[in-house]
Amino acid sequence: MVDISDPVVWSTLVQTVVLTLTLLIFIFSFRSQNKAIKEQAYQKVMDDYGDAMRMLSERPELYAFQLELFNATRRTPEREQKSYTRDEMVIRNYVVMLYGFFERVFFLYRRKWIDEDTWRQWAAFLEIVALHPVFRDVHQSSGEMFDKPFVDYVANILNRKN
């Protein structure tokens, strides 16, 4: 029989509790760190995407590739074929970058990393930008490239503006 008043028993119990708590803290810490690493990696991808879009606007020699790529993605029966000038493609690229920017802000809002008042300010700016016809075109032609909850949010804004 184990004597509960024995100091060795108490020492063993305390060590077991401390070890268990230490392991739990380590597990939660590891999970948090892993989550932060994944989010940082995704943010890096989004930053690289923004850089790539910016490069398309800044480098005229990429215009031919960009136009071919853009027209190839629009060749479906339900979408009209439109020819874009270089200036129109630069504007469109800027709007795509804005769309991606607003998507990231919306993501932060959904994660509750920015508060409601801050989000309302960004949402008001988004609603103004959404008035531009190029924004509507980007939404319709590129929506599948973005986060569905954000695309749905923008669709609601555009539907209200009709």
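The values are calculated or read from the model by the stated rules, or taken from the named source; none is laboratory data. On a predicted model such as this, the values are computed, not experimentally measured, just so you know. As a convention, Cβ positions derive from the backbone with ideal geometry for all residues, glycine included, and neighbour counts pool all protein chains shown. We work out accessible area using only protein heavy atoms, side chains counted, and drop any ligands, DNA or RNA first. Shrake-Rupley method; radii C 1.70, N 1.55, O 1.52, S 1.80 Å.
Solvent-accessible surface of the chain, taken per residue with a 1.4 Å probe and all protein chains present: 71 Å². Considering only Ser32, Ala130, Val105, the residue lying farthest towards the positive end of the dipole of the chain is Ala130, judged by Cα position with unit charges set on Cβ. Relative to the longest principal axis of the Cα atoms of the chain, the long axis of helix 63-73 lies at roughly 80 degrees.
In segment 1-59, the portion of solvent-accessible area held by carbon and sulfur atoms comes to 69 percent [1.4 Å probe, whole percent, DNA, RNA and ligands not counted]. Largest GNM mean-square fluctuation among Thr12, Thr22, Thr118, using the chain with Cα springs under 10 Å: Thr12. How much of the accessible area of segment 106-148, probe 1.4 Å, is carbon plus sulfur, in whole percent? About 58 percent, which is the carbon plus sulfur part of the accessible surface. Straight-line reach from Lys148: taking Cα to Cα under 22 Å and skipping same-chain neighbours fewer than 8 places apart, the lysines in range are Lys35, Lys38, Lys44, Lys112, Lys161.
Ranked by solvent-accessible area (1.4 Å probe, protein heavy atoms only, all chains present), the residues Glu127, Glu68 order from largest to smallest as Glu68, Glu127. According to the Cα-based calculation, Rg over Rh for the chain is 1.30, with Rh computed by the Kirkwood formula. For Lys44, the solvent-accessible surface with a 1.4 Å probe is about 110 Å², rounded to the nearest 10.
Averaging the sequence gap over all C-alpha pairs within less than 8 Å and six or more residues apart, then dividing by the number of residues, gives the chain a relative contact order of 17 percent. If only the Cβ of Lys and Arg carry +1 and only the Cβ of Asp and Glu carry -1, the dipole of the chain around its Cα centre is close to 380 debye. Angle of helix 133-142 to the longest C-alpha principal axis of the chain, folded into 0 to 90 degrees and rounded to 10: 60°.
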